[in-house]
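The values are calculated or read from the model by the stated rules, or taken from the named source; none is laboratory data. As the structure is a prediction and not an experimental result, all values here were calculated from the model. Every residue, glycine among them, receives a Cβ derived from its backbone with ideal geometry; neighbour counts consider all protein chains shown. Calculation scope for accessible area: heavy atoms of the full protein, side chains included, ligands and nucleic acids excluded. Shrake-Rupley method; radii C 1.70, N 1.55, O 1.52, S 1.80 Å.
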Amino acid sequence: MIRDLLLSPFIDYGFLRRALVGCWALAVAAPPLGLFLMLRRMSLTADVLAHGILPGVAAGFLLAGLSLPAMAAGGLVAGLAVALG
């Protein structure tokens, strides 16, 4: 009964399966990267870059709507501008 309640949404809905895969990928990738940045004393640098990308993603959304390539390009341009600045 409890198992059905926990598993049935992931079996029935494709978007939940994709979200679960994304969560697993983030859970596997983020800790080693965070540890590396902490050991290099660059943890705030990653935070600055993450927040600097957001305006580019928003600009890509405003220009092209919900287009992943446009939002990725806007985030890339903003991230490069922040990194070079």
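A few remarks follow.
- Criterion: in a helix (DSSP H, G or I) and loosely packed, with under 11 Cβ neighbours inside 10 Å - qualifying residue of Leu16, Leu33, Leu37: Leu33
- Hey, Ala30 modelled with pLDDT of 90 or more and hydrophobic (A, V, I, L, M, F, W, C) or not: no
- Residue list for region 56-85, restricted to those being open to solvent by less than 60 Å² (accessible area, probe 1.4 Å) and closer than 20 Å to Leu44 by Cα: Gly56, Gly75, Ala78, Gly79, Val82
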